[in-house]
Every structure is written in C-alpha cells, then in structure tokens.
Amino acid sequence: MGIETSSILRNTALVEPVDAILNWCREYSCWPYAFGTACCAIEFMAVAASHYDISRFGAEVIRFSPRQADLLVVSGTISEKMAPILKKIYDQICEPKWVMAHGACACSGGIYDNYCTVQGIDTIIPVDVYVPGCPPTPEAFLDGLIKIQKIIEGESIRDPKYCGE
Amino acid sequence: MANVVVQTLLEKFPESVSPAPDFRDEEAVCVAREGLPEVLRFLYADPDTEYRLLEDICGADYPEREKRFEAVYHLYSVKTARHLRLKVGIGEEDPTLPTATGIWKAADWFEREAFDQYGIRFEGHPNLRRILNHEEFVGHPLRKDYPIKGRQKLTRPSNLGWDERKSAGNGGGSDAEAGQPEQMILNIGPAHPTTHGTLRVLARLEGETILEADPEIGYLHRGFEKTAETLTYQQVIPLTDRLNYVSAMMNNVGYCRAVEKLLGIEVSKRVQYIRVIVSELSRIIDHLVCIAANIVDIGALTPYWYCFRERENVYELLEALCGARMTTSYTRIGGLAHDLPDGWVDKCREYIRERVPRGIEETDTLITKNRIFVDRTMGVGAISGEDALNWGFTGPCLRASGVPFDVRKANPYYDYDKFDFDIPVGSNGDTYDRYLVRMEEMRQSLRIIEQALDGLPEGPISIEDRRISLPEKEAVYTKFGALVQHTKLIVDGILPPEGEIYSVTEAANGVLGFYIVSDGTKRPYRIKVRPPCFAIFQALPQLTEGSMIADLIATVGSLNIIAGELDR
C-alpha cells in the first residue's frame, strides 16, 4: 500500500471510505491462479465454463502467472514432490493475496494418507478458506469464493498485512 | 490355440522357460533371468506371434521367497490378439535384469518405474533414474517392508541435472561469439497451463526450435498401488475413480471387470449393458475435455464453452445415476451400486439424440476446417504407426497413426461384438488426426449407446452370490439372515482364490490394464494399473524434437495426458 504515515491511518473518517472502496474493488475482481493438479481442477474448469460461469462473481480472469494473480486456488492433491513448487508459487504472488484449499486433498490430504502425499496444504502455506468435497461441486466452489469475498470485505488498510506494523 | 505360444517357448527355450501356474486361462510363463533377452527378442520377431506391443512391465515383492523380487512383463500381439505374461524372479542380493529398451522403446519408463518402486535395476537402460518419487527419496516405497506412511520431504525442486547438461552443451551462451547459434534451456511446468498443473518438460532450444525435450512426471503421485494393498477389494473402487478422473466410470468398469475375472464370475447382461452405456458416455466426456483443453492451449477459447456445456449435460445423467458428477464409484464387484433410476433411459436417449450431438456438431463447425487450427495442428507431432506401437501407444493416439487396434473389436467384452460401430483411424498420426479420431469416436460412442439402450435387457443388477455381493438394503434392516450376511461380507471382505490375472478394457485414452495378484486374503497382494497415457507421454521427445515450442503445446494437449492415471 505504501501508506506509512500512521497519523493518516488513525483518522477513521479518512480510512473507512478508502477501505470500503478498495475492498469493493478487490472483492469483485479476484484474479485466481489455478494451481490445479488433479480431479478438482476439472471441476474448476467446469466452474469457469459457461454453465456455472465464474465471471458472475468477477473472478473470471484466470491467470497462470503468480505475479498477475491475487487468489491462489489449490485444486487437487499436493504430493511431496510438488510441495516446494506450491510454496514457491505462493511466495511469488504479491500481497494482498488469499488462498483457497479446493477439495479434500488440498484441505487435509483427503483419502490419500501415504508415503507421497502432503496432509493438507496448510502444512506448507496459510489458507483462508477450505472447500471440502471430493471433488466439491461447482456450487461449493462458488460458496468458497463468496467466503473469500466476505473476508476481503472485512479487511482494512490498517491491518498489519497492509501497513506492515 | 490357448497355449501354443507357451508350448513353443517351452520347447524352444527348455533351460530358461518354465510353465507358470495355470489360472483363468491366461498365458503365462516363468523365465530365468539369463534367458530373458533371447526370449523377448524371439517373441518380438517371431512371425507367428509378433508381440509388438509391450503393455506393461512392473515389479512385485515376495519377501518370503528365495528370489524376493519379480518383474512381470505383459506383451500383446495385435496379430493374434492375445496377451502373454512373463515372470522373472530376481534375488535380493543382486536385483538386476537386462533392459528391454532395445526391443520396445515403451520399456523405458516402465523399467524406470519398477526401479523407482522396487529397486530392480535394469542393466543397459539409457536413463535409469527415479520417475514417480522425488530424487531425494531414499528407499523403494512399494517394497513390502517400506511403511506406507514413510513420508520424505523434498527440500528443493529438482533441476533434473540440467545445470550440468547446460554447461556440457553451449547453454551458457558463451559460444555465441564463436559463431554457434545460442542455445537456451527452457523449463515448462509443472505450474504451466498447458501441462495441466502436473507435467514438466525441460527443453533445450535453439531459437524457438526444440533440440531436446525431457519430460518429468510424478508430481501427482498419490500412492494408489500401495494404498490399494491396505484396502479390501470393494474399498479400492473409490480410488479407481481418481485414476483417470475425467472418465471415472471407465476405471470403475475396468477394475471391477478385473476382480470379476479373478473371482471367475460373470455379471448379468443388464449389468454389462449398463456398463457399456456409462463407459461410452464417459468416453464422450473424456474426449470433450481433451479437445476443449487442447484448443484452449492453442489459443481458441470459444469451443471450450460448447464442449463443457455438453459435458454438463452428461454430468446430469451420471449424477442421476450415482449422486456424484465426477467421482462416480458406480460399479460394484459383481454388479452395480443400484439400478437405473426411473425415466433415466428416456432422458439418456433424449440427451444422446439431441443435446450431445449438437455440441459435437457445433464444435466440429467451429474448428475442424478452421484455417488457424489446421495450420497449427496438421503435421505437428506426427508419429508413424509402427513407432507408435513400439512406444506402447494405444487408444485414439495409436489409431490416429493408422493402426486399427481397439480392445472393443480385438478382444470384445460385454457384447461389444454385437454392436454395430466403426473404429476410426487416421493416416498421419499428427495432432490434427488425433483430433479427428476423437471427434469420430464420440459419434461412434453415440451409436453404441443408442443400440445398448434399445437392447437393454431386464435382469438383476448384482450377482446372487452372498460371498461377493451385499444383500438388498431393505432386507438388511428387516431380516436377521441378511444382516448377518451383510456384516460378514463387510468385515471379512471378498475372498478370491489365490492367483493372478491381467484384465484390459478400452478406456478413453487406450488400453487400461489391471494386474491383480491375490494371496487368498481379503486384501489384494498387489495391484498394478497399466495406465494408457504413461506409455504415450514417454514418446514426447520423439514427437517434439525438431519442432517449435508452440508445437509442443499443441502436441501435449492432443495426447490427453491425465495426471491421475499417469502418476497414480
């Protein structure tokens, strides 16, 4: 944000309108990074396609470059071989960013509990919203997206993640 | 007929070949390690047999045996339409075998997998390194003494030794001054849209021309085979959904058919017909996803909307059947989870007569004669029929190269020989032909569904044997005997006889094989999946070397690599 003057941030009358405008903009223009590895990624494709039409929620600009995205959607099983790559992608996304664990595998490892699978991506990166299901229906995904929007709605430029305090 | 090959081998190689236990009429022999190359070369070249397709090589571990490991080869002859299994025992102290890569190129990755999972070393293999597990992994996870939860962290993503190769070549760019064209190493994936999130290709480029491409897989390795060894036969069904998750039904059908072969039972005609219908519906949606993704990768977004609209229609049918859109788990060993719901047949008929053909025709109108699409795909990623077979290609990718091999015609199962349908074949084996073959296969699948719906017989949807199929739910709640049977089957599981089988079906990507070893207990001793796209993807260097980077994108999309079955 680059707003460092704490006196400005203390001025509620000034900050609240800015928050409202920024959050409104961010909420309805999430650019998802589709980190799709498995079955859930096919359902993500279904969400993006005409029937469910993710653009109704303003999130249809799906990017495959972490530097152009702010919503990391992890759809599918993350193996130990993939884990460092997921971490790297997460680190490359600029703040502010949000993470959705899409599907049982991303949430908790799902039905795979063995020598090669990570037991939930929250062991690697922070997660904002968990969408359960194997795979979740497109409706469940959209519900998760709305939850992300709600999280964004409640944020303020006074939050530590923006002003670095 | 059945054992002609076995007899010939026994007579011709008396020292190295010995008969394997006879089970379910499968042709199988044991071969001594020393005689293996000779036997393999004979089987490949002998004009009577011509085992030109190496379907699978896998390992198995028997700690109590003197020769602890076993390598199992599954060969197929397109000429005689028969499978042959070779089993080679290897001692633990020296687990080496001569490589088969000199005969079948397909052996390359299968041998690497056997090395990765069991530690069997193949001497003479050009590139014997790990394939599914990461390079920091210690041990061999499918060995019986490796704990299933023995997780090992990877500290940093591998560069696959390309730093060394870079400096060995002129990748540093320093030779540019010496008049050499500058080369660069380009990493594509696994986080790249065209690689579907899980494939990785390292390419050495000169300008935009690919000099060398090295595919790396295993990013979605989920330990299917190890997990399956800890479950009962029924419990494995949900895991099979997630092999080729784009057409989960076909995996359900393939797996259940394999276990039914192991048990020596045959399901009723009604079950067979329903399985045909759901398989062909799955083939259609699988091809739709493949075409949609391929075209999006090339740069055309519009057909994607049309393809996915029809896919949603088929999902509606599948959801009505089993409650899930993708991960269906609809089949059961010995039958199906439940019968078709009321009105399903009429709804299905309406969909396959009106909606789905409409989507196919619209896609056809949009792209088949589209000049950009034709320019981008014609002659791109071409492979000859002979090469394709040698690499282990099956399914649409093989047929696009002009080899009319389809399990549904060659070894018909479930009355496929009674349905009237054609096998489309291409002539150039390029990306465009693969697209055309898929388009035509969808139309043929519609024909099969139509006939199967017309001829759908009445009958039970589960076999009567109470050691295999659960009693009716209503009876479980009202009758004591049924409750006991239900409980007993859940607790004890299905107990197949001791033995091993290999069963194949024609899945959307090609031959889907299941090799199951039973030790007579309720859990499978070993399950090996023969995934069709595993063999196909290993040919990527041959398909792309010498072409442009953009052609690689078009080619990968047309191969329809589904990571779930590729990495398992």
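Put +1 on the Cβ of each Lys and Arg and -1 on the Cβ of each Asp and Glu in the range B:393-541; which of B:470, B:535, B:517 then has its Cα farthest toward the positive end of the dipole?
B:517
Using DSSP to call loops (not H, G, I, E or B), can you name the trypsin sites (Lys or Arg not before Pro) in the range B:368-399 whose Cβ has at most 13 other Cβ atoms within 10 angstrom?
In loop regions of the range B:368-399 (DSSP not H, G, I, E or B), the sparsely surrounded trypsin sites (Lys or Arg not before Pro) are B:369.
Residues of A:71-81, mean number of Cβ from any other protein chain within 10 Å of their own Cβ, rounded to a whole number?
The mean count of partner-chain Cβ atoms within 10 Å per residue comes to 6.
Could you tell me the relative contact order of chain B? Use alpha-carbon pairs under 8 Å, at least six residues apart, and round to a whole percent.
Relative contact order comes out at 16 percent.
With an 8 Å Cα cut-off and a minimum separation of 6 or more residues, compute the relative contact order for chain A in percent.
With pairs under 8 Å counted, the relative contact order is 25 percent.
Can you return the aspartates and glutamates within cross-link range of residue B:409? Criterion is Cα-Cα under 13 Å, with same-chain partners fewer than 8 residues away left out.
Within the straight-line cut-off, residue B:409 pairs with B:417, B:420, B:422, B:506.
Long-range amide H contacts for residue A:69: which residues qualify at under 5 Å (H placed 1.01 Å from N, peptide plane, sequence gap of 5 or more or a different chain)?
The list, which skips near neighbours in sequence, is A:94.
What's the average, rounded to a whole number, of partner chain beta-carbon atoms within 10 Å of each residue's beta-carbon in B:220-230?
Per-residue shielding by partner chains comes out at 5.
Can you compute log10 of I(q)/I(0) for the range A:31-155 with the Debye formula, treating each Cα as one identical point scatterer, at q = 0.14, 0.15, 0.16, 0.21 Å⁻¹?
Results for the range A:31-155 at q = 0.14, 0.15, 0.16, 0.21 Å⁻¹ read -0.52, -0.61, -0.69, -1.22.
Go ahead and run the numbers for FRET between residue A:28 and residue B:158, Cβ-Cβ distance against an R0 of 30 Å, rounding to 0.05.
After rounding to 0.05, the efficiency reads 0.15.
For the range B:4-123, compute the orientation-averaged projected area of the C-alpha convex hull (one quarter of its surface), in nm².
7.1 nm²
Quick one: Debye curve from the alpha-carbon atoms of the range B:187-270 only, equal weights, vacuum; give me log10 I(q)/I(0) at q = 0.25, 0.26 Å⁻¹ to two decimals.
-1.20, -1.24
Assign unit charges at the C-beta atoms only (+1 for Lys and Arg, -1 for Asp and Glu), then state the dipole size of the range B:4-123 relative to its Cα centre in Debye, rounded to the nearest 20.
300 debye
So how far apart, in nm, are the two label points at residue B:96 and residue B:136 if each is 7 Å from Cα heading toward Cβ?
Roughly 3.1 nm, to one decimal.
Principal axis lengths of chain B from Cα atoms, whole Å, largest first?
For chain B, the Cα spread along each principal axis is 87, 62, 50 Å.
Name the long-range amide H neighbours of residue B:183: under 5 Å, sequence gap of 5 or more, or other chain; modelled H, no Pro or chain starts.
Here the answer is B:173, since their amide H atoms fall under 5 Å of that of residue B:183.
Apply the Karplus parameterisation 6.51 cos²θ - 1.76 cosθ + 1.60, with θ equal to phi minus 60°, to every residue of the range B:404-416 and state each ³J(HN,Hα) to the nearest whole Hz, in sequence, with x for glycine and proline.
x, 9, 9, 4, 5, 9, 6, 10, x, 10, 6, 6, 4
Assign unit charges at the C-beta atoms only (+1 for Lys and Arg, -1 for Asp and Glu), then state the dipole size of the protein assembly as shown relative to its Cα centre in Debye, rounded to the nearest 20.
Dipole size: approximately 1000 debye.
Any idea what Rg and Dmax come out to for the range B:314-382 if you just take the C-alpha atoms, in Å?
So, for the range B:314-382, Rg and Dmax equal 18.0, 50 Å respectively.
Where nothing but the Cβ of Lys and Arg (+1) and of Asp and Glu (-1) is charged, how large is the charge dipole of chain A around its Cα centre, in debye to the nearest 20?
Magnitude of the dipole: close to 320 debye.
State log₁₀ I(q)/I(0) for the protein assembly as shown at q = 0.05, 0.06, 0.08 Å⁻¹ as given by the Debye formula over alpha-carbon point scatterers of equal weight, solvent excluded.
The calculated log intensity ratios at q = 0.05, 0.06, 0.08 Å⁻¹ are -0.25, -0.37, -0.65.
How high is the FRET efficiency between residue B:498 and residue A:92 when r is their beta carbon distance and R₀ equals 51 Å, given to the nearest 0.05?
Result of the calculation: an efficiency of 0.45.
Tell me, what is the FRET efficiency for residue B:186 and residue B:121 to the nearest 0.05, using R0 = 41 angstrom and their Cβ-Cβ distance as r?
The formula returns an efficiency of 0.80 here.
Just the number: Rg to Rh for the range B:438-548, Cα atoms, Kirkwood Rh, two decimals.
1.15
Here, each number is a calculation from the coordinates, and none is a lab measurement. Just so we're clear, the structure is a prediction, and the values are computed from it rather than from any experiment. Here Cβ is always computed from backbone atoms with ideal geometry, including for glycine, and neighbour counts include all displayed protein chains.
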